[in-house]
Amino acid sequence: MPQTRKPYRRFDGSSASGIFGGDGLRRPWLPRRLVSRSNSAVDPPMFEMSDSEFALFRDFVLEMTGILLRPEKRTLLENRLRPRLRAHAMTSYLEYYTHLRGLGPGAVGELANAVTTDTTECWRSPHQWDFLIGTVFPVLESQAAATTSTRALLLWSAGCSTGEEAYSLAIAAAESLPTPLARRVQVLATDVSPRAIERACQGRYRPARLAKLPPGTLERHFTPEPDGTWLAQPALRERVVFRIQNLLDPVPAQSPFTVIFCRNVMIYFAEAVRQRLVDRLCAALAPGGWLFLGPSEMLFDPPAGIEHRAPSVYRRSLP
Ligand SMILES: C[S@@+](CC[C@H](N)C(=O)[O-])C[C@H]1O[C@@H](n2cnc3c(N)ncnc32)[C@H](O)[C@@H]1O
């Protein structure tokens, strides 16, 4: 239980600036295809994406987000973008692509909103939280005991989606670190999708997203709402700062970080993008800092000075 709280300190860094399934179906090529049409205003036409349109979007998504869209993702891409065509009263994917290109760097938010997937939950992959609390936190405690430093301990949820991972980090620190150390913890949480960050800032979740939290923590850190959702309490919110940030851009200026969670994000990236990101994440770790990747995101060739410490968990060596 948190015993005391210190005033909220904001990160002062810049606010810079998924993921797909799919049915794998390919359809015959027709220019600006009208797959089905109704004369009802509430059932607008459905256009199908041509091969060349898919190639344009695939390259654009890769350039702007690092996400690699394989051919089997095409149907889902169509389905994700179709509402955007309707919203802009456009009649082809090429027209929407031209519109996005015209936005320049500003296109990344709209594109990310359309193509990323926000699948997440609190305490996702519980064994990694066990490792954080059972192994990483005791190391931080003994390091803190050996110094008089009162510097902030920075934890970064990179690719935080709608915020559950970031709030989980704040809960883990509040529940499991000694109060003086817990008060030094600040969580930075970033995502390329403005829509995901907006929802993260709201901090309102359905029970299914909270079901894996350890017993008792839900009631201590969230408040039930009349509509059945749970709202993050102010003391929890003030531990977390959310920012829109593209992981293709330089890492946040607040580095070095004591712990970085970048889970279930780079699995969707092209290999070259993934390698560059791993290098930058590792360089953003404080000496002795910890990097948590998703359970399926092992590093087969970790950068120099990075040790494998547990499944999908890496540590930067101490000098
Ligand atoms: C599947 S969610 C993972 C959420 C959380 N880390 C977890 O493991 O539960 C992947 C997130 O990565 C984000 N993402 C994808 N490409 C990104 C990029 N280039 N920069 C920052 N975030 C990105 C997506 O917007 C999405 O919210």
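Readers should treat all values here as calculations from the given coordinates under stated rules, not as data from a laboratory. Quick caveat, the model's predicted, so the values are computed rather than measured. Note that each Cβ is placed from the backbone with ideal geometry, even for glycine, and that neighbours are counted across all protein chains shown.
Checking the a/c ratio against 1.5 first, then a/b against b/c, what shape does the Cα gyration tensor give for segment 126-316?
Numbers: a/c = 1.68, a/b = 1.21, b/c = 1.39.
Since a/c reaches 1.5 but b/c is at least a/b, the shape of segment 126-316 is classed as oblate.
Taking Rh as the Kirkwood radius, which is the inverse of the mean 1/r over Cα pairs, what is the Rg/Rh value for the chain?
Values: Rg = 21.4 Å, Rh = 21.1 Å.
When Rh is taken as the Kirkwood radius, the ratio is 1.02.
Just flag the trypsin sites (Lys or Arg not before Pro) in segment 86-194 sitting in loop per DSSP whose Cβ has no more than 12 other Cβ atoms within 10 Å. Before the final figure, lay out each step's value.
Values: sites: Arg86, Arg101, Arg124, Arg151, Arg183, Arg184; in loops: Arg124, Arg151, Arg183, Arg184.
Here the trypsin sites (Lys or Arg not before Pro) that fit, given the DSSP loop and packing criteria, are Arg151.
Report the one residue of Leu62, Leu181, Gly305 whose Cα lies farthest in the direction of the positive end of the charge dipole of the chain (charges on C-beta: Lys and Arg +1, Asp and Glu -1; origin at the Cα centre).
So the residue we want is Leu181.
For the chain, what is the charge dipole size about the Cα centre, in debye to the nearest 20, if Lys and Arg each add +1 at the Cβ and Asp and Glu each add -1 at the Cβ?
380 debye
What does the highest-first list of 306-312, 102-108, 235-241 look like by mean Cβ count within 10 Å? Intermediate values should be presented prior to the final figure.
Working: 306-312: 15.3, 102-108: 13.3, 235-241: 20.6.
Ranking, from highest mean packing down: 235-241, 306-312, 102-108.
Could you please state, rounded to a whole Å, how far the C-alpha centre of segment 262-279 is from the C-alpha centre of segment 193-222?
If you average the Cα positions of each part, the centres end up 26 Å apart.
Give me the net charge for the shell around Leu285: Cβ to Cβ below 13 angstrom, other residues only, Lys and Arg +1, Asp and Glu -1. Each step should come with its number before you reach the end.
Numbers: positive: Arg280, Arg309, Arg315, Arg316; negative: Asp279, Glu307.
Around Leu285, the charge tally is +2.
What fraction of the DSSP beta bridges in the chain is antiparallel, stated in percent and rounded to the nearest 5?
Values: 16 of 35 bridges.
Restricted to the chain, the bridges split so that about 45 percent are antiparallel.
Taking θ as phi - 60°, what are the ³J(HN,Hα) couplings along segment 265-281 by the Karplus curve (6.51, -1.76, 1.60), each to the nearest whole Hz, with x for Gly and Pro?
Residue by residue, segment 265-281 yields 10, 6, 4, 9, 8, 5, 4, 5, 5, 4, 5, 5, 5, 4, 4, 6, 5 Hz.
Give me the base-10 log of I(q)/I(0) for segment 164-216 at each q in 0.15 Å⁻¹, Debye formula, one uniform scatterer per Cα, rounded to two decimals.
Values, matching the q order: -0.51.
Calculate for the chain the 222 nm mean residue ellipticity that helices alone would give, adding -39,500 (n - 2.57) per DSSP H run of length 4 or more and normalising by residue count, nearest 500 deg cm²/dmol.
Details: 12 runs with 111 residues, N = 319.
Result for the chain, helices only: -10000 deg cm²/dmol.
Cut-off is 10 Å between beta-carbons; in what order do Ser176, Ser317 appear when sorted fewest neighbours first?
Values: Ser176 18, Ser317 12.
Ranking Ser176, Ser317 by Cβ neighbours within 10 Å, fewest first, gives Ser317, Ser176.
Can you tell which of Leu210, Trp230, Ile197 lies farthest toward the positive end of the dipole of segment 173-319, using +1 and -1 charges on the Cβ of basic and acidic side chains (Lys, Arg; Asp, Glu)?
Trp230
Among 165-172, 261-268, 88-95, 294-301, how do they line up by average Cβ neighbours within 10 Å per residue, starting with the highest? List each step's numbers first, then the result.
On the way: 165-172: 26.4, 261-268: 22.6, 88-95: 15.9, 294-301: 12.5.
Put in order of decreasing packing, that is 165-172, 261-268, 88-95, 294-301.
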